[in-house]
Structure formats: C-alpha cells, structure tokens
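Following: one structure in structure tokens, then a few remarks.
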Amino acid sequence: MKKVKFVAILSGDYECFTFAVTKDIYKRITDRNPDKYTKNRFHGSLYNLYPNDIFGLLPDNKTIEVMIEWGVIAKERRKDG
C-alpha cells in the first residue's frame, strides 16, 4: 500500500478525474442514489464519482488537506488485448 498526504487547491473544473465506483460506494459517499448522468460510459455497472462529490463545492482557492492510501488489488484484463 502507498500513502500520501498533501495540501492542494481544486483545479476548478470539478471533472479533472472521476472514480468508477459501485452504486453502494456512490451512495455511501454522496448520500444519494446515482442517476443516468452519473453512469460510467466505460464500465456499464459503475458510476462516476467526481471530486466535488468527495470534497463538496468549495469556494475559489480554498485550500484542502488530502490523504490518499491506495494499492492495486487486481489487474483488470482488457477485452481488446
């Protein structure tokens, strides 16, 4: 597992990245059901979780502290190769 803690300012577009997550994870983080607009177009059973879903809508130049811990649990095999 890797772990990093940093201070940052959100870029402002709120769509600089998304996580493709299950419906359960989406609901746990956002406290709402995903809709057709949050459906991930690459992974049909998953939903897009945007930065503003995690951090909220922050005022311009609002500095946040973020800690991320991650590790690869399985390598997905691509269908095209």
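Computed values, structure above
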{"quantity": "For the range 30-46, Karplus couplings with θ = phi - 60° (6.51, -1.76, 1.60), whole Hz, Gly/Pro x", "calculated": "9, 6, 8, 6, x, 10, 5, 7, 9, 4, 6, 6, 9, 10, x, 9, 10"}
{"quantity": "In order through the range 66-74: 3J(HN,Hα) via Karplus (6.51 cos²θ - 1.76 cosθ + 1.60), integer Hz, x for Gly, Pro", "calculated": "10, 10, 10, 10, 8, x, 6, 9, 6"}
{"quantity": "Restricting the range 24-58 to trypsin sites (Lys or Arg not before Pro) in coil, as DSSP defines it, with at most 13 other Cβ within 10 Å", "calculated": "Arg32, Arg41"}
{"quantity": "Pairwise label distance in nanometres, Lys23 with Ile68, each label 7 Å out on the Cα-Cβ vector", "calculated": "2.8"}
{"quantity": "Simple label model, 7 Å out from Cα along Cβ direction - Val7 to Asn61, nm", "calculated": "1.5"}
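Laboratory data are not the source of any read-out in this text; all were calculated from the coordinates shown. Note that the coordinates shown come from a computational prediction; the quantities given were computed from them, not determined experimentally. Cβ atoms come from the backbone with ideal geometry, glycine included; neighbour counts cover every protein chain shown.
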